[in-house]
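The values are calculated or read from the model by the stated rules, or taken from the named source; none is laboratory data. Since the structure is predicted, the reported quantities are computational estimates derived from the model, not experimental observations. When we count neighbours, we look across all protein chains shown, and the Cβ atoms used for this are built from the backbone with ideal geometry, even at glycine.
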Amino acid sequence: MNISAKHHFRAYTPAPITREQIDRAEILFGGLHWRAERVVEAVFENMGYRARALPAATRDDLMTGRELADIGQCCPTSFTTGNLANFLRAEAERIGPAAVADRYVYVTAGSCGACRFGQYHQSYELALRNMGLEAFRLFLIDQKKPDQGAAEGGGLDINMPLTIGAVWAILCTDVLQGLEYRTRPYEVQAGQTDAVVGDCVELLHEAFRKRPYRGKKWGTLAWHMSTGYFINVLREVFRRFDVIEVDRLRVKPIVKITGEFYLQTVEGDPNYNIHRWLESEGAEVYPAAIAVWLDYLIRCEVQKLEDKVGVEKGARAKLAALRGAQRLFRWSFDRMRAALGDIPFEMPDQYELRRLAAPYFHHRLSGGEGDMLVGKALWTHKKKKAHMICELSPYACMPNTMSIGAMAGVTGKYPDLLYAPIEIKGDAEVHALSRCQMILTEAKKRAIREFVEVMERTGLTPEEAKPLIDAHPRMNRATYRIPQTGIAAGMAANTLLQLAGARGTRKAA
Amino acid sequence: MSEADRAARAKLRVGIPKALNVWTTHQFWLGFFQSLGLSPRNVVFSSDTSDEQMREFGSGRGTVDCCYPVKCVSGHYGELIFGQKRKIDILFSPMIYSLASFLDGHAMDSLACPRVMAAPENIKAGFLREKDVFAENRIAHVAPLVTLAEPKLVPRQLFDALQGVVPGLGIEETARAVEEGYATLAAFNENLRARSREILEWCARERRPCVMVLARPYHMDPGIGHEIEADLQACGYPILWLQYFPTDPELLNWIFRADLAEGLIKHPFDIDDVWPSSYSANTNEILWGAKVAARVPWITCAIRLASYECGMDQPSFTPVQQIVERSGTLFFSFQELDSTKAAGSVKIRVETISYYLERNSPGIIEAKLRHMDPACPLLRRPVSADLPA
Ligand code: SF4
Ligand code: SF4
């Protein structure tokens, strides 16, 4: 009897890809902010591939994503699925489906666990099937494995130099983004910051494209940790920022962006361009660095090991090694931040976030940003890092709804914490932004109140402060650092405190 | 343990919300608490989910718009706090991080849905927002994070949470109680699996169809799953829940013989061929259940249940449907289930399903039998497609 199982359904598996095939193809990727994407392109190029970030996702992509995959997806899934689908569809019309399968492959992070982030590929696959593009190759990168080896066929090798290059690209562009967001709201000549940032991203792109090869494994890791190569490029970035003149006495509320990874990271339609919108409404935006997310992923692994100490052999040693790696990671970020004059915001300590969130959200609860949403909100509030927290919560997100629910306990205990959870559906902009605006209005009042208090405390008015700043022209440059004092959050208030500190007129708290 | 501790424990009353993954772990908790010396009468579960429960005990406690099964947990909490004749001392609401799944070792992970694991934090907030309802009612809210897929870690997780709440608790007895919990759960599961096997044997012997339910464990809750499967059963079709499908190797090797022989899977529990992102225990099991339903000849129909605003089920809708339908097995799904049982429309759908089952089952059984080895462990003599019905 001939029994066969061939007629049963099987999941999509990408066809193997050889080196020769990948040389003909372009690697597509996306899901980060444009600075990081541009520099990651260079990392691929440096490893001998051709790569291109997909265009920023649009509302059209959302509609396509909804149409091609199962109903009820979280909106980041719809955006990313539609983004890939629309690109491929347009290309298929131009060059035909067979050529699309031959000339492009898509690489995405996945395999990370409980929520849909670990199942994105399912939506991509469905979209590909629905478009008749099953032959297209889509590869998942396990974000916990820096050295995954070659995909079937040997053409695409996710190895240490590629991964570490991508991580360093993210760190460098994170600090650049931090400097940019601390500068633009105060620039005297509109548009100057954007122009400088554009140049700097190209500078970084070039540096990563020419990154020296230092071996396949530990050699490359050691080199990235110790080299001055990237620091020198960042110093050049810093020099370029020096041309920007700023007026830091503009009183602006600082709005900390938190929320789901994709929504807080990208800048565009998926989050209603909220970064630019907030700036246009008179706020300074405290962006969400991708490095914080990577630091959190390390913490998640640390926590799993912590639970195993005393129960599983070798757990203690692994834990010590991982904690060491985390310290090195943070040290690398701090080194880059220092190259930009320590102006970009610092990375919060993961264990402090955990401690702050503990009464409201267990640190082992995973999916999305876990306890970080609660932790970051409290950290920002208690340390006076911002006046308001804007949490970007995707429609139909699973973990995010849980953290927002837990935030009810936090806001009950800290009624003065200005918290704006904004549900992002992708096509309900007016509703979301008007909700944000209501809380922003209160944040503006707070920024003014805080500035007035600091005026009283320092005995300085803006009229008196201006000539003092002009007497020290460096203070008018984007490269001058106004430290966050913990007394006030706003840039203008901290500038007064800085001036008063220098004059000795600052009263004790 | 001192006499005083023993006496105190015997009086201790624990309330457990019968919601979410407690539906497949309640026997673990019973075994665990009994081993610690609590009286079985003092381990109380909230009742099945219902509109009345939510109205009476849970309204105004929600903190966020969410899927229906999580929303309902407020009602379960409220019932345990306000609705008991004899007050409970502990509201025990485990944050089930991972589950002891029969697919363990064959899937990437065995995690609970992020909403399942975090539900206690979320629901708790609704009882703390205005005032501390737990303190006011002198109830300890104990919500340990438990990794049931990693039994070695569980004793410490439970000891840390219950120390100071259960008088005189020690880590070693906690470890023994955890073992007892797993053993009680295993015995319960085995019993139900044996019953499922009896159903299958009967179907195989009599050439009769049965129906497989592909759903999350809490769809067994009449308030969540609306007893749709019971309506089908009333039409004369035996029901199998995937969670309690027999797992004897002989039977599974028979079901997946061709897949194994062709190297498409490594083990009967391997779902990599249909669901590579096998992180979530309940989702993995649903996918596996779909594969089983697609192969077992007497399962001529699978019904899929999914709740309102469930985020986990969404990515698996198409693969599950495809797995089942590609095999010629009937497939029906009931999605977006919430508090209302649209009795009229459910009745019509059940009648439709029943009609198709009656009309198509003999043909489906025959067609599926053609793909199977005649030596079926469910029967003492070989089966084949050409045997008279
Ligand atoms: S965190 Fe939320 S929005 Fe992001 S992938 Fe997971 S379910 Fe979707
Ligand atoms: S699996 Fe679905 S229904 Fe269950 S808790 Fe998660 S999101 Fe809600």
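Every test in (1) surrounded by 19 or more Cβ atoms within 10 Å (Cβ to Cβ); (2) within 16 Å of ligand 2 (Cβ to nearest atom) is passed by B:SER339 save one, and that test is (1). When A:GLU301 is tested against (1) away from chain B (no Cβ under 13 Å); (2) buried (at least 18 other Cβ atoms within 10 Å of the Cβ); (3) in a helix (DSSP H, G or I), just one condition goes unmet, and that condition is (2). For first residues located in region A:385-396 and among the polar types (S, T, N, Q), partners that are away from ligand 2 (no atom under 15 Å from the Cβ) and lie 6+ apart or on another chain with Cβ distances below 6 Å form the pairs A:SER393/A:GLY259; A:SER393/A:PRO421; A:SER393/A:GLU423. If you go through region B:88-106 and keep only what is aliphatic (A, V, I, L, M) and within 16 Å of ligand 2 (Cβ to nearest atom), you end up with B:MET95, B:ILE96, B:LEU99.
Screening the candidates A:ARG316, A:ARG327, A:ARG335 for the property of being closer than 21 Å to A:LYS376 by Cβ and either within 14 Å of chain B (Cβ to nearest Cβ) or assigned to a helix (DSSP H, G or I) (or both) yields one hit, A:ARG327. Checked against (1) within 14 Å of chain A (Cβ to nearest Cβ); (2) assigned to a loop (DSSP other than H, G, I, E, B), B:THR340 passes all but condition (1).
In a residue-by-residue description of region A:353-361, the property of being outside the structural domain of A:LEU171 (by TED's automatic domain parsing) and within 16 Å of ligand 1 (Cβ to nearest atom) applies to at least one position. Among the residues of region B:64-87, those identified as under 18 Å from A:ALA408 (Cα atoms), touching a residue at least 60 places away in the same chain (Cβ under 8 Å) and near ligand 2 (Cβ under 9 Å from one of its atoms) are B:CYS66, B:CYS67.
Can you tell me which residues in region B:111-141 are in a loop (DSSP other than H, G, I, E, B) and away from chain A (no Cβ under 12 Å)? Once the filter is applied, which keeps residues that are in a loop (DSSP other than H, G, I, E, B) and away from chain A (no Cβ under 12 Å), region B:111-141 yields B:ASN137, B:ARG138, B:ILE139.
Among the residues making up region B:103-136, those that are in contact with an Asp or Glu (Cβ under 8 Å, 6 or more places away or on another chain) and either buried (at least 22 other Cβ atoms within 10 Å of the Cβ) or aliphatic (A, V, I, L, M) (or both) are B:LEU103, B:SER110.
For the structure I just gave you, tell me whether B:MET108 is touching a strand residue (DSSP E or B) at 6+ places or on another chain (Cβ under 7 Å), facing another protein chain (nearest Cβ under 10 Å) and at negative phi. So B:MET108 does not fit the description; no. Within region A:362-401, if we keep just the residues that are part of a loop (DSSP other than H, G, I, E, B), within 14 Å of another protein chain (Cβ to nearest Cβ) and small (Gly, Ala, Ser), the residue that is nearest to ligand 1 (Cβ to nearest atom) turns out to be A:GLY368. The set of residues from region B:30-88 being buried (at least 20 other Cβ atoms within 10 Å of the Cβ), assigned to a loop (DSSP other than H, G, I, E, B) and within 16 Å of ligand 1 (Cβ to nearest atom) comprises B:VAL64, B:CYS66, B:CYS67.
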